Amino acid sequence: MFTVALTGGIASGKSTVASYFAALGVSIIDADQIGRELINNSSEIRKKLVARFGVDLLKKSNEIDRNKLRAAIFNNPKDREWLEGLLHPLIYQQIQEAIKKATGMYCLLVIPLLLEGRTSSLHKKKPSTPNYIKLNRILLVTTSRELQIQRAEERDLLEKNQIDAILAAQISPIESIKRADDIIHNESNLQSLCQSTQTMHEKYLSL
């Protein structure tokens, strides 16, 4: 199936763009959602997280406090790499299964950290190993640093230092633009963003 990876920095507008593609009949597979479900539903993963970060990571309901987990991994690159090593293979496995079951005109994979160099199971060209996810296009949603900070503060209620830590873990806008096939600039209003999505959709249908 034709597969497009949708990526972009924090609060760039990925979720909104994905919702527009979904309304157009595209199958959406969200890596972050899969990761959340793994953390919430797997007792084995929960045990490993508590062993690594301590019982303070748990809420009173015995669920993982995602805000505390996010703060922990973005304050320590080694912890972030450890978590990615734990979750990414499982996430990729579920993505592969979801692609096989997709019924839309094509698949859109929403993967925030696609361009950070830690997603070795995703390829634009077929590698020597069969354990990979083939990408036909990489679509980047980008916006200004100022808008990212403003939206993250309003949407996620994050502190400025938390946002700075997340931005520091993501590659620069200049580098991400170089590595993307297609770009949506989210600098205006929702109507403009919707129209840009429609334009990309028509392009992917032609491909």
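The values are calculated or read from the model by the stated rules, or taken from the named source; none is laboratory data. What you see is a predicted model; the values in this text were computed from it and never measured. Note that we place each Cβ from the backbone using ideal geometry, even for glycine, and neighbour counts take in every protein chain shown. Remember, those area values only see protein heavy atoms, side chains included, never the ligands or the DNA or RNA. Shrake-Rupley method; radii C 1.70, N 1.55, O 1.52, S 1.80 Å.
One residue stands out among those in the range 58-69 that are outside any loop (DSSP other than H, G, I, E, B) and open to solvent by 70 Å² or more (accessible area, probe 1.4 Å): the one that is nearest to L158 (Cα to Cα), which is N67. Could you check the range 3-26 and list, in sequence order, the residues that are part of a loop (DSSP other than H, G, I, E, B), at pLDDT 95 or above and not small (G, A, S)? Residues satisfying the conditions are L24, V26.
Is it true that some residue in the range 70-78 is open to solvent by 90 Å² or more (accessible area, probe 1.4 Å), free of Cβ contacts under 8 Å to residues at least 12 places away in the same chain and farther than 22 Å from I163 by Cα? Scanning the range 70-78 turns up no residue that is open to solvent by 90 Å² or more (accessible area, probe 1.4 Å), free of Cβ contacts under 8 Å to residues at least 12 places away in the same chain and farther than 22 Å from I163 by Cα. Of all residues in the range 42-56, those satisfying the criterion of being surrounded by fewer than 18 Cβ atoms within 10 Å (Cβ to Cβ) and not in a loop (DSSP other than H, G, I, E, B) are S43, E44, K47, K48, V50, A51, R52, V55, D56.
Of the residues examined, S19 is not one that is over 15 Å from the mean Cα position of the chain (by Cα), hydroxyl-bearing (S, T, Y) and open to solvent by less than 80 Å² (accessible area, probe 1.4 Å).
Looking at the structure I just gave you, is E84 in contact (Cβ under 8 Å) with a residue 12 or more places away in the chain and part of a helix (DSSP H, G or I)? So E84 fits the description; yes.
Scanning the range 152-202 for residues being open to solvent by 80 Å² or more (accessible area, probe 1.4 Å) and hydrophobic (A, V, I, L, M, F, W, C) gives a total of 4. Checking each residue in the range 166-183 for being farther than 13 Å from G9 by Cβ and either in contact with a Lys or Arg (Cβ under 8 Å, 6 or more places away or on another chain) or of a type in the set (A, V, I, L, M) (or both) picks out D181, D182. Count of the range 4-45 residues, restricted to those that are without any contact (Cβ under 8 Å) to a residue 60 or more places away in the chain and among the aromatic types (F, W, Y), is 0. Could you pull out the residue among I29, I91, I39 that is touching a Gly at 6+ places or on another chain (Cβ under 6 Å) and either in a strand (DSSP E or B) or hydrophobic (A, V, I, L, M, F, W, C) (or both)? Going through I29, I91, I39 in turn, just one is touching a Gly at 6+ places or on another chain (Cβ under 6 Å) and either in a strand (DSSP E or B) or hydrophobic (A, V, I, L, M, F, W, C) (or both): I91. The set of residues from the range 161-176 being closer than 12 Å to T142 by Cα and outside any loop (DSSP other than H, G, I, E, B) comprises P173, I174, E175, S176. Within the range 84-112, can you find the residues that are open to solvent by less than 80 Å² (accessible area, probe 1.4 Å), closer than 20 Å to Y20 by Cβ and not small (G, A, S)? Within the range 84-112, Y106, C107, L108, L109, V110, I111, P112 qualify. Would you confirm whether or not the range 46-69 contains a residue that is touching a residue at least 24 places away in the same chain (Cβ under 8 Å) and under 28 Å from A23 (Cα atoms)? Scanning the range 46-69 turns up no residue that is touching a residue at least 24 places away in the same chain (Cβ under 8 Å) and under 28 Å from A23 (Cα atoms). Would you confirm whether any residue within the range 117-133 is at pLDDT 85 or above, crowded, with 17+ Cβ neighbours inside 10 Å and of a type in the set (A, V, I, L, M)? Scanning the range 117-133, I find no residue that is at pLDDT 85 or above, crowded, with 17+ Cβ neighbours inside 10 Å and of a type in the set (A, V, I, L, M), so the answer is no.
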